[in-house]
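The values are calculated or read from the model by the stated rules, or taken from the named source; none is laboratory data. What you see is a predicted model, and the numbers here were worked out from it, not measured in a lab. Glycine gets a Cβ as well: all are built from the backbone with ideal geometry, and neighbour counts include every protein chain shown. Each accessible area value is taken on the protein alone, full model and side chains, heavy atoms only, with ligands, DNA and RNA left out. Shrake-Rupley method; radii C 1.70, N 1.55, O 1.52, S 1.80 Å.
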Amino acid sequence: MQLSQKEDLPGKRDIKILVVDDREDNLFSIETILEHEGYTIVKANSGRAALKMLLQQQDFTLILMDVQMPDMNGFETANMIYERERLRNIPIIFITAHNYESEYIFKGYQLGGVDYISKPINPDLLRVKVSVFTELYQKTHQLLAQEKKLMSINKNLEKEVEERRVNEEKIRLLNQQLVENNTNLRLANEELNRFAYVASHDLQEPLRKIKLFSNTLAIKFRERIDQDMEVYLQKIVSASDRMQTLIRDLLEFSRQIGQEEEFSTIDLNKVLAEVLSDMESEIEAKKAIISVGDLPVASVISSQIYQLFQNLISNALKYSKHDAVPQIQIYAESATKNGSGKLHRIYVKDNGIGFDASYAEEIFVVFKRLHSYHEVEGTGVGLAICKKIVEYHKGTIRAESIIGHGSTFIIDLPDVTVSLPANPVNTIPIHLPKEN
């Protein structure tokens, strides 16, 4: 068994041909014919030597096999070669001195041979057949490699499709769970609101009796009670008043928003004017100056926007400074765009005591107070109601403040109607304090 490597030619450097013949002169003859083609020629002088070579090297492109060999002929060798899975794709050209009898040819093809070459070998015919079958082998391997790659891609696609199907099923289940959770949350909120309404309503009757009997005791036994008892009775009445305010605010907060009222196109200037008129006594008591700019026309629930303005103005008056005249500005900006459309931006700005900006979100939580009721009256429900109203209108509300420098409440409402005049920020006085 000998190995002969010729200088590779372009395009043929990877082609290895195994030549099997028991005669050295035949091996040399075939090598000489193919030596200028750039192939790598590996020679084996028997079928067993060929099998041994194929077990060590499996990257052959073509096998040229002599049929008539002692011990193990070409057909037997071919049969043993093709019993191995990895060797079945290597084409075999049989070389024979026999005539082309049909039975003889059929046996070679049946074993897996691809062609015959008769002896004496025609050099041109050998070169042509070797060229054809090596090219065919290379293309076959390219197709097999592409098939393998496509199978891998297909497998990955199947995996991705399965993963997507699993993910879509997870998303479907999560969406279903989300819908169920939202439904349960809505029902729970409705139940909580009903409970709060009923509980608050039922609390008013015993509270009225506490106030009534406390006042009756204070009047009826006015001459018989000492100073300490009078103070205690006053504290009972004061606590009852705070309790009544808290219950009233709780009832207001738990009321079903939008249950009976519908949205309509409203001029917010008219709503604000009505609020300021109704709050005239409170404004004058604080000697407050309120100035407003032009407000937009918007699709709202009038009574809720009324309450929104009322709560914000009441809040500004409540948290005003003791040593300064309260000044409240209410104005709007032209509709600005956000991700979902246009917005009307409304500002309510005061010069009050302000608050720590870190509490900007907490002040909208129901019953959340930054000051005790001894410092400032209130229940901590007003701003929570404001947030509930604005969110029901598909808007947002936020607050900006610096301690000692006032607060600004910024309300964004969807713009579904008309735009604002050209210069809305210039304010004009609406309510001035009366002269003493």
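Residue by residue, here is whether (1) modelled with pLDDT under 85; (2) assigned to a strand (DSSP E or B); (3) out of contact with any Ser or Thr (no Cβ under 8 Å at 6 or more places or on another chain) holds:
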{"position": "H374", "(1), (2), (3)": "yes, no, yes"}
{"position": "T379", "(1), (2), (3)": "yes, no, no"}
{"position": "D412", "(1), (2), (3)": "no, yes, no"}
{"position": "N423", "(1), (2), (3)": "yes, no, yes"}
{"position": "N426", "(1), (2), (3)": "yes, no, yes"}
{"position": "P429", "(1), (2), (3)": "yes, yes, no"}
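Can you name the residue in the range 11-29 that is basic (K, R) and touching a Phe, Trp or Tyr at 6+ places or on another chain (Cβ under 7 Å) and is also modelled with the lowest pLDDT among such residues? Among those residues, the one meeting the criterion is K12.
Restricting attention to the range 320-339, the residues that are open to solvent by less than 50 Å² (accessible area, probe 1.4 Å), within 24 Å of I385 (Cβ to Cβ) and in contact (Cβ under 8 Å) with a residue 40 or more places away in the chain add up to 5. Which ranges mark the strands (runs of 3 or more DSSP E) fully within the range 255-342 that have 3 or more residues being at pLDDT below 90? Because the criterion is at least 3 residues that are at pLDDT below 90, the strands (runs of 3 or more DSSP E) in the range 255-342 that meet it are 327-338. When the residues of the range 164-220 are filtered to those that are acidic (D, E) and at pLDDT 80 or above, which remaining residue is most open to solvent (accessible area, probe 1.4 Å)? The qualifying residue most open to solvent (accessible area, probe 1.4 Å) is E168. Inspect the range 142-157 for any residue being open to solvent by 80 Å² or more (accessible area, probe 1.4 Å), closer than 29 Å to S29 by Cα, modelled with pLDDT under 85 and part of a helix (DSSP H, G or I) and give the result as yes or no. So far as the range 142-157 goes, no, none of its residues is open to solvent by 80 Å² or more (accessible area, probe 1.4 Å), closer than 29 Å to S29 by Cα, modelled with pLDDT under 85 and part of a helix (DSSP H, G or I).
Rundown of residues vs (1) modelled with pLDDT under 85; (2) out of contact with any Pro (no Cβ under 6 Å at 6 or more places or on another chain); (3) open to solvent by less than 20 Å² (accessible area, probe 1.4 Å); (4) not charged (D, E, K, R), yes/no style:
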| residue | (1), (2), (3), (4) |
| --- | --- |
| E31 | no, yes, yes, no |
| G38 | yes, yes, yes, yes |
| A50 | no, yes, yes, yes |
| M53 | no, yes, yes, yes |
| Q58 | yes, yes, no, yes |
| E76 | no, yes, no, no |
| R88 | yes, yes, no, no |
| I92 | no, yes, yes, yes |
| T96 | yes, yes, yes, yes |
